[in-house]
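What follows is one structure encoded as structure tokens, with my remarks underneath.
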Amino acid sequence: MLKSLQTRYSVVVSGSVIAAIALLAGCNSTPSEPISGDTKAPETTAQPVASEEKISEGEKANADFQDKLSGKALLNALKQGGHVIYFRHAQTEKDYADQVKAVMGDCSTQRMLSEAGWEQAKAIGFGFRKYTIPFDKVISSQYCRAWQTADLAFGKYEKNADLNFPKAEDYTPEQTAQMKAQLTPMLTTIPTKGSNTVIVGHDDLFEAATGIYPDPQGMAYVVKPDGKGAFELIANMLPEEWAKLGDK
């Protein structure tokens, strides 16, 4: 089950070894004296602190993903068109689940792009222009952080409510299935010949459709529709990597 941003991680609390210092008993007729500054307490060996961060299956799939194409080979494929490029919106000021209280059309109720997020979006657009990567449609969710990422990077966008979150922080199986049903048609639609389709959306919808949680913010996955209702994940890209795509 997909988890909210607020509950995705759990912290494992580690214990430490408590050492006891044994004092030698003095004579019965002599009162005990405090340990002098020259007296050393028995040394104890500190045990290693066991600390482990649990990650979800989607996060593990993201970490383990291996590019099928990279560098110039990926660039050449993108220049030929036929791909769907799914972006998780650029970095926000805070990372928390806002989908329950968010009001579409009112950015003050939503997470907003940070200055770093603005720069990420501009860097993505710079890379596309530098290498003249063709794109036709730019589809965005209705959330401000998504369409602003699209606008800063590509200068155009069309909003689509099917890219929005359900109004819940923890999703039911039915809501997860609905997110998959909403996004999958976009990932399986072949773009205009010689061009690519850009989607700017969110983490949980992509995870619902692919099993991969796209992290960090600004992460993109290059998708290749097969024309038969399925698709293949070709590569993932960080915002700063687009301007260096042809360097390798």
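Numbers at a glance
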| item | result |
| --- | --- |
| Selection from the range 218-230 of residues that are closer than 21 Å to A63 by Cβ and either surrounded by fewer than 17 Cβ atoms within 10 Å (Cβ to Cβ) or in contact with a Lys or Arg (Cβ under 6 Å, 6 or more places away or on another chain) (or both) | M219 |
| Residue that is modelled with the highest pLDDT [pool: residues in the range 140-181 that are within 16 Å of C107 (Cα to Cα), in a helix (DSSP H, G or I) and among the charged types (D, E, K, R)] | D151 |
| Of all residues making up the range 62-91, the number that are more than 18 Å from K159 (Cβ to Cβ), touching a residue at least 24 places away in the same chain (Cβ under 8 Å) and either surrounded by 20 or more Cβ atoms within 10 Å (Cβ to Cβ) or among the hydrophobic types (A, V, I, L, M, F, W, C) (or both) | 9 |
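The rows are residues; the columns are (1) in contact (Cβ under 8 Å) with a residue 24 or more places away in the chain; (2) over 18 Å from the mean Cα position of the chain (by Cα); (3) within 15 Å of D204 (Cα to Cα).
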| position | (1), (2), (3) |
| --- | --- |
| I124 | yes, no, no |
| R129 | no, yes, no |
| I133 | yes, yes, no |
| Y143 | yes, no, yes |
| L163 | yes, no, yes |
| K167 | yes, yes, yes |
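Residue-wise test of (1) within 13 Å of the chain's Cα centre (by Cα); (2) in a strand (DSSP E or B); (3) of a type outside the set (S, T, Y); (4) at pLDDT 70 or above.
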| residue | (1), (2), (3), (4) |
| --- | --- |
| S4 | yes, no, no, no |
| T30 | no, no, no, no |
| L75 | no, no, yes, yes |
| I85 | no, yes, yes, yes |
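The values are calculated or read from the model by the stated rules, or taken from the named source; none is laboratory data. Source: prediction; values computed, not measured. Positions of Cβ are generated from backbone atoms using ideal geometry, with glycine treated the same way; all protein chains shown enter the neighbour counts.
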